[in-house]
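Heads up: the structure comes next, in structure tokens.
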Amino acid sequence: TIEYPEDITATEGNKEVTVSFMDPHLNVKQTTTVVISVVENPNAIKHQGYAVDASGMKTTYLVGDTLDFTGVKLIEKFTNGGADVEITDLSGIAYDDDETITATTGSKQIPVTYNGENAGVITITVKNPAITSIVLSTEGVQTEHNRGDVPTFDGLKAVITYENGNRRE
């Protein structure tokens with residue numbers, strides 16, 4: 001019989017294998033140990049790391065928008081010519097996105113990890129919303145004046161509408 005743990009080659013190092021047999025001449029069980037050395041296979045394809053692919057997600061936001069990570073892909077990379085693999089179970093992905101990341105304009109980087117391992121960054125751009133319309137309201141403004149009066153424009157209002165639908169008076 002040869003006895004050794006199931007996972008004997010799971011880690012590198014010297015491992016003991018117990019070899020025993022029944023000696024038919026002496027009718028005695030003979031036992032010895034053999035030490036084997038487990039080394040890393042230099043040709044083995046191994047995990048090298050992860051890379052985030054944000055090409056399928058929205059990366060331009062307006063000030064105050066909520067981030068949307070829909071469309072993010074995660075790729076596992078391997079050594080020795082192993083083909084990259086897309087990870088479909090993203091339950092281990094984490095985005096280090098401060099809640100206020102879209103509070104100010106500019107280019108922002110969001111670190112990404114997968115199961116605690118660095119997977120790169122997602123770069124987003126935050127911009128001010130463009131104005132789509134300005135409407136002046138003269139309702140309530142005195143439009144008739146006597147000669148010599150200084151006209152006032154009390155009550156004149158401008159309503160500005162932005163591309164995100166927000167309005168400001």
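List, please: which pairs have Cβ atoms under 9 Å, are six or more places apart or on different chains, and start with a residue in segment 130-157 that is at positive phi and end with one that is among the aliphatic types (A, V, I, L, M) and open to solvent by less than 100 Å² (accessible area, probe 1.4 Å)?
Gly140/Leu156; Gly155/Val141
Among what's in segment 91-124 and is in a strand (DSSP E or B) and among the aliphatic types (A, V, I, L, M), pick the residue that is farthest from the chain's Cα centre (by Cα).
Going through the qualifying residues, I end up with Ile124.
Residues Ser137, Ser133: which one is at pLDDT below 95, closer than 30 Å to Val159 by Cβ and surrounded by 11 or more Cβ atoms within 10 Å (Cβ to Cβ)?
Going through Ser137, Ser133 in turn, just one is at pLDDT below 95, closer than 30 Å to Val159 by Cβ and surrounded by 11 or more Cβ atoms within 10 Å (Cβ to Cβ): Ser137.
Considering segment 52-80 alone, what residues qualify as being open to solvent by less than 50 Å² (accessible area, probe 1.4 Å), closer than 20 Å to Thr100 by Cα and acidic (Asp, Glu)?
Passing the criteria: only Asp65.
Step by step: first the residues of segment 1-51, then only those that are open to solvent by 60 Å² or more (accessible area, probe 1.4 Å) and of a type in the set (Gly, Ala, Ser), then the one that is nearest to Gly120 (Cα to Cα). Which residue is that?
Selected residue: Ala10.
Out of all the residues in segment 110-166, which are closer than 30 Å to Tyr50 by Cβ and of a type in the set (A, V, I, L, M)?
Ile110, Val112, Ala119, Val121, Ile122, Ile124, Val126
It is to be established whether one or more residues within segment 52-75 are outside any loop (DSSP other than H, G, I, E, B), more than 21 Å from Lys127 (Cα to Cα) and over 13 Å from the mean Cα position of the chain (by Cα).
no
Name the residue that is farthest from Thr161 (Cα to Cα), counting only residues in segment 76-90 that are assigned to a strand (DSSP E or B) and of a type outside the set (D, E, K, R).
Phe78
Let me spell it out: the conditions are (1) loosely packed, with under 10 Cβ neighbours inside 10 Å; (2) under 33 Å from the mean Cα position of the chain (by Cα), and Asn146 meets all of them except one. Which number is the exception?
Tallying (1) loosely packed, with under 10 Cβ neighbours inside 10 Å; (2) under 33 Å from the mean Cα position of the chain (by Cα), Asn146 fails exactly one: (2).
The values are calculated or read from the model by the stated rules, or taken from the named source; none is laboratory data. What you see is a predicted model; the values in this text were computed from it and never measured. Quick reminder, even Gly has a Cβ in these numbers, built from the backbone with ideal geometry, and neighbours come from all protein chains shown. Just the protein is used for accessible areas: all its heavy atoms, side chains included, with ligands, DNA and RNA removed. Shrake-Rupley method; radii C 1.70, N 1.55, O 1.52, S 1.80 Å.
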